[in-house]
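Scroll down for the structure; my scribbles are underneath it.
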Amino acid sequence: MPGIDLHTHTTASDGTATPRELIRLAAEAGLSAVAITDHDTVAGLPEALAAGREYGVTVVGGVELSVFDGQRALHLVGLFVPQSPGELGEALARARHRRHDRNRLILEKLAALDIPLDYDAVLALAGGPGESGGTGEPGGPGVAVGRPHIAAALLNSGRVKSMKEAFERYLGATGLAYVPKDKMSLDRAVSLLAAVGALPVLAHPYLLREKGRSMERLVAGYRERGVAAIEAYYSEHSESQTREYLALARKLDMGVSGGSDFHGEAKPGVLLGRGRGRLFVPESVLVALAARRDGMAGRP
């Protein structure tokens, strides 16, 4: 039975495979459907859709958003995002511009540590999604430039020996050059996604560091605020966590999603559609999510 992958990243944000390359890899892996869920952009979607037609892979439009619920940070994956997402697209463009402001502050901190990096070099590493059109933004049309590109610049400069070291020493939450990201509110993100007919999904719930009744209360609150599904199948979830999130989705009448969070070489060991090797997301997950999306669109 073919599998699917509803959480992937391309060169339009912080992945190392172009949208076309990612779809080719999906076809080679025997996947029937893939969602392109780049951070803060849908720039890779046109190229991916064209490749999907070429390789016979269903491509689902998506995006990943960093949001704040009023007390903690979390990520949402929006599924069924259209190529021209209207007000959501405008919000994504603003988020990408805020990324540039953050990137420059990080580079200032690195310079103070006697690690000068040229921002043009960082932008060059960001590249772009390919021949997918766009607005000519720094780093490529619609490309979300961020810490992974700065980490790659650090690696190229010889100041670190790996991407992992770049984040641990400098760019991660406890790093010497860390600058927090300006996050969209949860309610605003849900509203923008709903306005374009997209389905808001709670991404990698294990990162919330909650379980049992505490987790149930937290996710129930998100459901009341419009989050429609839980990413129960995920590369870093243990079997017991997957079972917990599947049961939680049933109890709260939420949808179930799943994906690898594939980034290519930027996240070694995570395979498209297979995660760390044991991930499998059945086609029925996408069918159920599409039905849920259609049912929500029909509500008054």
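Throughout, read-outs are computed from the coordinates displayed, never taken from laboratory work. Here the structure is a predicted model, which is why all the values come from computation and not from measurement. Ideal geometry is used to build each Cβ from the backbone, glycine not excepted, and the neighbour counts take in all protein chains shown.
Before moving on, here are some points about what is shown:
- Crossing angle, helix 19-28 versus the chain [Cα axis fit, 0-90 degrees, rounded to tens]: 50
- Exposure proxy ranking for 296, 184, 1, based on other Cβ atoms within 10 angstrom of each Cβ and starting from the fewest, stands as 1, 296, 184.
- Net charge, residue 59 excluded, C-beta distance under 15 Å - Lys, Arg +1, Asp, Glu -1: -3
- Sorted ascending by nearby beta carbons within 10 Å, beginning with the fewest, 67, 179, 227 become 179, 67, 227.
- Oblate is the label for the range 197-300. Its Cα gyration tensor axes, ordered a ≥ b ≥ c, give a/c of at least 1.5 and b/c at or above a/b.
- Highest-fluctuation residue, 252, 289, 76 considered, GNM on the chain with Cα pairs under 10 Å: 252
- The calculated Kirkwood hydrodynamic radius for the range 254-294 is 11.2 Å, given to one decimal from all distinct C-alpha pairs.
- Between residue 187 and residue 240, the modelled label-to-label distance comes to 3.7 nm, taking each label 7 Å out from Cα in the direction of the beta carbon.
- Over the range 38-178, volume per residue of the alpha carbon convex hull, in Å³: 129
- Structural descriptor for the chain: relative contact order 22 percent, calculated from alpha carbon pairs under 8 angstrom and at least 6 residues apart.
- On Cα atoms only, tilt of 147-157 relative to the major axis of the chain in degrees: 40
- In the range 1-54 the Cα-Cα distances spread across 5 Å bins starting at 0 as 5, 23, 35, 24, 10, 2, 0 percent of all pairs.
- Helix 239-252 and the longest principal axis of the C-alpha atoms of the chain enclose an angle of approximately 60°.
- Order of 47, 168 - criterion: other Cβ atoms within 10 Å of each residue's Cβ, fewest first: 168, 47
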